[in-house]
Amino acid sequence: MEQIRKIAEKTLLEAATTFRADKNKIYEECMKAESSANCRWIMEQIMENAATAADRQSPLCDDTGIPHILLELGPGRSLSGEMIEAVRAGVADGLRKLPGRPMAVMGDDSQRLDQSGGLSGDPAAMIPAPIQLLSTEEDVIRLYILMQGGGPEIRSKTYRVFHKHDVSVIIDNIAAWAAEEVGKLGCTPCTMAVGIGRSHYEASSLMLQAMAKGRYDSQSPMEQAITDRVNALGVGALGLGGDITTLATFLKVGPQRASGVRIVCMRPCCCFEPRVACSTLSR
């Protein structure tokens, strides 16, 4: 269990401090495609910040985020309560080592809602969101950790879409939501994360899976359509106006039911997100 705890700590630190290789590459490509000198300069600063954060193992952003954990299990693999507690302990270790910004609200239900209970000084008091379990055909147990900032949560939306038996209607709705929110995000260029499911819970869960497994170097036709629509807004880096408002779209479509409604969860992730890392706990 000590090894699992150390792996979880390392995974959290990697998620909070490091750009993946495909994200570095997409930023380089987008800088070449951007016609605005000001927006190119902003993206250069983002890249420099990311390189410094990785070198010093310091947070990519002052909003160090809320840990979200996904555990993926292959056939014949099982989890014990002891293993889950080891993951939680490793996440707490990582938050203290990072350190995470002390922003966990203390007190009873009412005090946590109105913040009258004050804030904990312990970074590890920012306990993870409920753990999501996934299945895989690979014979492994795999851990994903995402660090979710507050700004994108404010600009996110989970709502029904009457699809009218036309996928373009769903894309139109996502683009319309993006037009309302992306310009208010501030920390652009963003990454669009979208989940489409049968319920609000499922759509949100699929959105997290899209963030965990999405790749900047691979865009489906639907993902590219959303990316193109958001870039056409002309918001640009930090809202300065430009060609690149979003780097890419990560979309996951889950099972659907016979209905005129699809539930869509859209999250415009900030310029540093998705902050995600993955490790193997057991082979």
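Things to note:
- Reported to the nearest whole Å, the Cα centre-to-centre distance from segment 173-211 to segment 48-124 is 22.
- Computed over neighbours whose Cβ is under 12 Å from that of ASP63, the net charge equals -1, Lys and Arg +1, Asp and Glu -1.
- Amide H to amide H, with H built 1.01 Å from N, GLY242 comes under 5 Å of VAL235, GLY236, counting only residues 5 or more places away or on other chains.
- Euclidean distance between Cα centres, segment 1-25 to segment 151-166, Å: 30 Å
- Separation in nanometres of the label points that stand 7 Å from Cα toward Cβ, at GLN45 and LYS184: 2.4 nm
- Computed in the context of the full set of protein chains, the accessible area of the chain at 1.4 Å probe radius has 51% of its extent on carbon or sulfur.
- Rounded to the nearest 500, the 222 nm mean residue ellipticity of the chain from helices alone is -13500 deg cm²/dmol, with -39,500 (n - 2.57) taken per DSSP H run of at least 4 residues.
- Its relative contact order, with pairs defined as Cα atoms under 8 Å and 6+ residues apart, puts segment 2-282 at 27 percent.
- The chain - accessible surface per residue (Å², probe 1.4 Å): 46 Å²
- For the chain, the fraction of alpha-carbon pairs lying more than 32 Å apart is 26 percent, rounded to a whole number.
- Cross-link partners of LYS25 among aspartates and glutamates, defined as those whose alpha carbon lies under 13 angstrom from its own and excluding same-chain residues fewer than eight positions apart: GLU44, ASP217.
The values are calculated or read from the model by the stated rules, or taken from the named source; none is laboratory data. Remember, predicted model here, so these are calculated numbers, not experimental data. Glycine also receives a Cβ, built like all others from the backbone with ideal geometry; neighbour counts cover every protein chain displayed. Protein only, heavy atoms only, side chains kept; ligands, DNA and RNA dropped before computing areas. Shrake-Rupley method; radii C 1.70, N 1.55, O 1.52, S 1.80 Å.
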